[in-house]
Amino acid sequence: MADSPSDQRPDPREAFADALPFWLQGPNGVVAAVVCVAVLALVARLTLLGARPAHFDEARVAYWALYALEDGHFAYRSIIHGPFIQHVDRWLFGLVGASDFTMRLPVALVGGLFPLSALLFRDRLRSEETVALALFLAFNPVLLYYSRFMRSDVLVAAFMFTALGMLVRLVDRRKPRYLYGAALFLMLGVASKENSVLYPLTWAGALTLVAGLRWLGIGTLVHDRLLNRPEFEWTGIDWPFGWVSTLRTRVRTLRNDPDERRHALRFVGHGVAAVALFGFLWLFMFAPRGDGLDGMRTNPLGSPSVGLWEAVGDPGKWPALFDATYSQFASEYPAWGDRADGLAFEAYRDRLESAVFDGLIETSAALILLAVAGVVREWYSAEGRRPLVFFLCFAGAASVVGYPAALSIGGGWKWNNIHILVPLAIPAAVGLGVFYRWGRDALAENDPIDVGLTSLILLLIVASVAWSGATHVYTNPQHESNELVQFAQPHDDLDPMLETLEEASDSEGLDAIVYSESGEWEEIGHASLLNNQGIDNYWNVRPTCTDLGVFLPAHWHFQQAGVNATCDYQPEAFKQRVTEKNVPVVVTKVRDDTVPREWLRERFTHVGNFSMRYTDRADPTLEVWSRVDEN
């Protein structure tokens, strides 16, 4: 008997696949698609990367990276977070020079390559879900904005998520190379920022919840009692009683099979080697260079630390190196979490509301809604629930609740939402995959209604992400109205200041004077306690009479231009030094009435007033003067 026409209808998936370009077909099609997404992600991050003026936090870290290059001294301090970006920027500055572009380049490259991590989960995800995951990691506006920002949050998120992917791949493929990959990326995450320790804690909690959800029979209760349907299967993992049975079988096999014992011992050896790799990288990243902390001060208090390269040349100094590295790490790394101590409930509530409504909903509504859709779809799937989806849903939900309590400042949710959105990207990819399959099948079956509805939904998703990305990342990257901008972002273009400083650095002798009669540049007091004790000991910021908290990001530009600068506090002494030294650049405070502006106007060109911070309005802080060329 001949098949009916309906039986001869082609599989919609095959028909749709045949319409794709040849390089997206076949077993490597997903890999090709994800690579294309990563290329686009890199382009999105590198375009106009140096256009936005350096933020306070960017300039502070970049200053010390350039200081380490030029002076040879480095020590880990939690106030500027992990050493990874400082080391990479230091090497990069030495190769191609220091600029706003190059200081952000490592974060942009890691953020642009981040979508490739989606391939580590492809055994647990459908092809379209894997590509959707890559798209979320590439173009979510928060991830995109802070991939173009020299902060370490995208770094720690990318490295820890990749480490998780390595562990998943290790379970799926049983290949030792994934063990080494996990050790490498875990260490890179630890060396990026202190909140890396929250990732394993979140994973452990999420895994416990997923296991408990199945073990306690919650699925049976919902499906049998409420829906009168049999419990769906959980796929991709053996549950607690299955683990016990598997473990017993494994022990018996090891006892009776010499080949299995050799294989197990070899795997243990790989585990030891992976731990050793982790330890070696930890020492390399956190070990001091040069004189360590003492080399970063103007007047050292004691004996300098043993530097890494000094110990490499003298193995007898390795114990001292390890002791100095561990002592500094143990005293600084936990300090990140201490900055949120004593947080009142009202402050926590305000942070939580801002993180959810001003952050997640305002900037990433598409990802959040699709994550909800993905979890709902997975719960009611007849094909079996995948624990990975629920695991990362729980991890993201825990981060929503937990991160507002861990923030050192109220506005920290702007970048810490990264650590919520990354785990939720997998449930969101599942949700987007639902609409993709709906549209694919409708198109293959020539169903105009479903094609129209799916097209409308996908168009709204794309338009939402594109609009949010364009307005938050490119057209409005430094104005306070942008929810992702933190108040320490300068409002003005600082390029004229940098150009003036660079021209001055070509002169001989003193290049610039920073003037303030009352010494208000030091109002925060980077010497503070030490100076109150009568000890002339400052962090070696340049000019040394200025404070990082007040003067940044100008310190970065002074160091970048190689300017020899000092300070003056008395008008007459200031005039005399400017005249005698033929100083080419003067920097003053806009609202300092003691500045001899008429005298300066006769001898200098007013370069401009510059706002170092932007709150509710542009508020210029510095004014820069350049000597008129008498030739």
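Details
- Search result, residues across the stretch 187-201 that are closer than 15 Å to Thr162 by Cα and of a type in the set (S, T, N, Q): Ser192, Ser196
- Leu456 vs. criteria in contact with a Phe, Trp or Tyr (Cβ under 7 Å, 6 or more places away or on another chain), at pLDDT 90 or above and of a type outside the set (Ser, Thr, Tyr): no
- One residue from Met160, Met187 being more than 23 Å from Val401 (Cβ to Cβ) and either modelled with pLDDT of 95 or more or touching a Leu at 6+ places or on another chain (Cβ under 9 Å) (or both): Met187
- Within the stretch 149-171, residues that are more than 23 Å from Ile79 (Cβ to Cβ) have Cβ atoms under 8 Å from residues that are among the basic types (Lys, Arg) and not in a helix (DSSP H, G or I) in these pairs: Val168/Arg124; Arg169/Lys175, counting only partners at least 6 apart in sequence or on another chain.
- Complete set of residues in the stretch 308-320 that are closer than 14 Å to Leu283 by Cα and either at pLDDT below 85 or touching an Asp or Glu at 6+ places or on another chain (Cβ under 7 Å) (or both): Lys317
- Boolean, Thr594 is over 41 Å from the mean Cα position of the chain (by Cα) and not in a helix (DSSP H, G or I): yes
- Filtered residues of the stretch 452-479 (kept if within 20 Å of the chain's Cα centre (by Cα), assigned to a helix (DSSP H, G or I) and surrounded by 18 or more Cβ atoms within 10 Å (Cβ to Cβ)): Val465, Ser468, Gly469, His472, Val473
Residue by residue, here is whether (1) among the acidic types (Asp, Glu); (2) at pLDDT below 90; (3) outside any loop (DSSP other than H, G, I, E, B); (4) within 21 Å of Asp57 (Cα to Cα) holds:
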site: Asp493; (1), (2), (3), (4): yes, yes, no, yes
site: Leu498; (1), (2), (3), (4): no, no, yes, yes
site: Ile513; (1), (2), (3), (4): no, no, yes, no
site: Gly525; (1), (2), (3), (4): no, yes, no, yes
site: Asn537; (1), (2), (3), (4): no, yes, no, no
site: Thr544; (1), (2), (3), (4): no, yes, no, yes
site: Val550; (1), (2), (3), (4): no, yes, yes, yes
site: Trp556; (1), (2), (3), (4): no, no, yes, yes
site: Val587; (1), (2), (3), (4): no, no, yes, no
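- Counted residues, the stretch 558-584 - those being aromatic (Phe, Trp, Tyr), outside any helix (DSSP H, G or I) and either within 16 Å of Asp57 (Cα to Cα) or touching a strand residue (DSSP E or B) at 6+ places or on another chain (Cβ under 7 Å) (or both): 0
- Condition check for Asp593: out of contact with any strand residue (DSSP E or B) (no Cβ under 6 Å at 6 or more places or on another chain) and either at pLDDT 90 or above or under 30 Å from Asp89 (Cβ atoms) (or both): no
- Residue count for the stretch 386-402 under the criterion of being surrounded by fewer than 24 Cβ atoms within 10 Å (Cβ to Cβ) and touching a Gly at 6+ places or on another chain (Cβ under 8 Å): the result is 5.
- Helices (runs of 4 or more DSSP H) fully within the stretch 89-207 counting 2 or more residues that are more than 28 Å from Pro477 (Cβ to Cβ): 127-139, 153-173, 176-190
- Count of the stretch 251-302 residues, restricted to those that are in contact with a Leu (Cβ under 7 Å, 6 or more places away or on another chain) and modelled with pLDDT under 85, is 3.
- Some residue of the stretch 335-355 being surrounded by fewer than 22 Cβ atoms within 10 Å (Cβ to Cβ), over 15 Å from Leu209 (Cβ atoms), modelled with pLDDT of 85 or more and of a type in the set (A, V, I, L, M, F, W, C): yes
Quick grid of which residues meet (1) over 25 Å from Phe345 (Cα atoms); (2) out of contact with any helix residue (DSSP H, G or I) (no Cβ under 8 Å at 6 or more places or on another chain); (3) not charged (D, E, K, R):
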residue	(1), (2), (3)
Gly359	no, no, yes
Ser364	yes, no, yes
Gly374	yes, no, yes
Tyr380	yes, yes, yes
Arg385	yes, no, no
Phe391	yes, no, yes
Val400	no, no, yes
Tyr403	no, no, yes
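- For the stretch 582-597, a residue qualifies if it is of a type outside the set (A, V, I, L, M) and under 10 Å from Ala512 (Cα atoms), and the qualifying residues are Asn582, Pro584.
- Matching option when the condition is closer than 24 Å to Pro334 by Cβ and touching a residue at least 60 places away in the same chain (Cβ under 8 Å), among Leu186, Leu119, Leu143: Leu186
- Complete set of residues in the stretch 67-77 that are part of a helix (DSSP H, G or I) and either within 19 Å of the chain's Cα centre (by Cα) or crowded, with 22+ Cβ neighbours inside 10 Å (or both): Tyr67, Ala68
- Cβ-Cβ under 6 Å pairs, at least 6 apart or on other chains, the stretch 82-106 side surrounded by 24 or more Cβ atoms within 10 Å (Cβ to Cβ), far side part of a helix (DSSP H, G or I) and polar (S, T, N, Q): Ala98/Gln560
- Taking every residue in the stretch 460-480 that is more than 14 Å from Lys414 (Cα to Cα) and pairing it with any residue that is assigned to a helix (DSSP H, G or I) and of a type in the set (S, T, N, Q), at least 6 positions away or on another chain, the pairs with Cβ-Cβ distances below 7 Å are Ser468/Thr363.
- Residue within the stretch 414-437 that is hydroxyl-bearing (Ser, Thr, Tyr), within 33 Å of the chain's Cα centre (by Cα) and outside any helix (DSSP H, G or I) present: no
The values are calculated or read from the model by the stated rules, or taken from the named source; none is laboratory data. Note that this is a predicted model, so its numbers are computed, not measured. Because the Cβ atoms are built from the backbone with ideal geometry, glycine has one as well, and the counts that use them run over all protein chains shown.
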